[in-house]
Amino acid sequence: MDVVTRNNVVITGREDGPVMMLANGFGCDQNMWRLVTPELARHFRLVLFDHVGTGKADVSTWSEQRYSTLDAYAEDLLAICDELGLGPLVLVGHSVSGVIAVLAASWRPELFERLILLTPSPRYVDDEGYRGGFSAEDIDELLESLDSNYLGWSQSLAPVVMGNPERPELTEELTNSFCRLDPAVARVFARATFLSDNRADLGRVTVPTRVIEVAQDVIAPREVGAYVHRSIPGSELVTLDAVGHCPQLSSPATTARAIAEFASGGR
């Protein structure tokens with residue numbers, strides 16, 4: 001199966017524009033970008049896709065052995081670039097796909113003109129001298145809850161991730177996105193995400209990078225954004241006046257501007 005079909009690759013936007021690839025976070029699909037794509041499509045040729053096992057990607061190509069680490073997702077991203085002859089391009093990675101973007105760019109920097117990491121976290125578990133936002137016990141409980149009652153887990157995690165309790169429609173959308181995910185895929189992807197420690201990979205990035213954090217984000221608190229910024233040589237840090245881990249949904253106009261501004265690079 002070709003990677004375009006496997007990953008449900010969709011290309012849209014300005015045909016003669018610079019290429020921008022959008023990579024979504026855990027439990028979601030490319031539909032999560034829909035509120036920012038109209039603005040970005042005015043300036044860029046957009047490449048969207050679904051991670052294997054999510055959205056409309058081919059679940060038959062998923063296996064627990066292959067997708068038990070984030071490396072496999074980065075390899076898929078690079079395979080899409082190679083198949084379509086893309087690069088150098090602007091890569092935008094949300095949440096765990098920020099780390100996937102870091103891996104891809106550290107392995108094949110020639111493919112990427114710029115990186116934009118939206119609410120990334122290289123490690124969710126607190127460590128000595130590092131605040132990831134969760135204790136080891138927190139993550140253990142989160143994963144145990146996922147194993148025992150996936151639908152209940154989805155309904156309890158979504159409002160924490162989304163924030164903005166005054167906008168329940170956003171939480172409902174994220175809950176539904178989680179619930180569409182095969183529980184077997186979710187268990188493996190969750191462990192690859194929440195038990196990962198990719199702090200050492202940040203210093204290997206040589207591509208110009210903008211880190212976009214959110215003023216109030218329970219999943220990736222501002223200490224994490226500061227850490228990512230310090231660890232990637234020459235990176236920029238931008239703080240959005242927004243709430244929640246998914247600003248492309250809760251504050252799409254502000255998020256689109258922050259992405260386009262850096263991606264344009266003075267063009």
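The values are calculated or read from the model by the stated rules, or taken from the named source; none is laboratory data. Quantities reported herein were computed from a predicted structural model and do not represent experimental measurements. Positions of Cβ are backbone-derived with ideal geometry, glycine not excepted, and every protein chain shown enters the neighbour counts. To get the accessible areas, we keep the full protein, side chains included, count just its heavy atoms, and leave off ligands, DNA and RNA. Shrake-Rupley method; radii C 1.70, N 1.55, O 1.52, S 1.80 Å.
Going by the conditions given, is GLU141 assigned to a loop (DSSP other than H, G, I, E, B) and of a type in the set (Asp, Glu)?
On the way: assigned to a loop (DSSP other than H, G, I, E, B): no; of a type in the set (Asp, Glu): yes.
Taking the combined requirement at face value, the residue does not satisfy it.
Here are some residues: ALA215, ALA242. Which one is touching an Asp or Glu at 6+ places or on another chain (Cβ under 6 Å), in a strand (DSSP E or B) and at negative phi? Working first, answer last.
Numbers: ALA242 fails: touching an Asp or Glu at 6+ places or on another chain (Cβ under 6 Å).
Step by step, each of ALA215, ALA242 is checked, and only ALA215 is touching an Asp or Glu at 6+ places or on another chain (Cβ under 6 Å), in a strand (DSSP E or B) and at negative phi.
Of the conditions (1) touching a strand residue (DSSP E or B) at 6+ places or on another chain (Cβ under 9 Å); (2) open to solvent by less than 30 Å² (accessible area, probe 1.4 Å), ALA215 fails just one. Which one is it?
(2)
Any idea which of (1) modelled with pLDDT of 95 or more; (2) in contact with a Phe, Trp or Tyr (Cβ under 9 Å, 6 or more places away or on another chain); (3) of a type in the set (A, V, I, L, M, F, W, C); (4) open to solvent by 40 Å² or more (accessible area, probe 1.4 Å) is the one VAL4 doesn't satisfy?
Answer for VAL4: the failing condition is (1).
Identify the single condition in (1) farther than 23 Å from ASP29 by Cα; (2) not in a helix (DSSP H, G or I) that GLU223 does not satisfy, given that it satisfies every other one.
Here GLU223 clears every test but (2).
If the requirement is being under 25 Å from ARG180 (Cβ atoms), of a type outside the set (D, E, K, R), touching a helix residue (DSSP H, G or I) at 6+ places or on another chain (Cβ under 9 Å) and not in a helix (DSSP H, G or I), which of these qualifies: GLY93, GLY17? Talk me through it step by step, then tell me what you get.
Working: GLY17 fails: under 25 Å from ARG180 (Cβ atoms).
Just one listed residue meets the conditions, GLY93.
A quick yes/no check of all residues on (1) open to solvent by 70 Å² or more (accessible area, probe 1.4 Å); (2) polar (S, T, N, Q); (3) in contact (Cβ under 8 Å) with a residue 60 or more places away in the chain:
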residue	(1), (2), (3)
GLN155	yes, yes, no
GLY163	no, no, yes
GLU169	yes, no, no
LEU174	no, no, yes
LEU181	no, no, yes
ALA186	no, no, yes
LEU195	yes, no, yes
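For VAL214, are the conditions met, namely being touching a Lys or Arg at 6+ places or on another chain (Cβ under 9 Å) and among the hydrophobic types (A, V, I, L, M, F, W, C)?
Yes; evaluated as a whole, the condition is true for this residue.
Residues being buried (at least 19 other Cβ atoms within 10 Å of the Cβ), among the small types (Gly, Ala, Ser) and outside any loop (DSSP other than H, G, I, E, B): count how many of those fall in region 123-138.
0
Where residues in region 27-49 are crowded, with 22+ Cβ neighbours inside 10 Å and part of a loop (DSSP other than H, G, I, E, B), which of them is farthest from the chain's Cα centre (by Cα)?
Filtering first and then ranking leaves PHE44.
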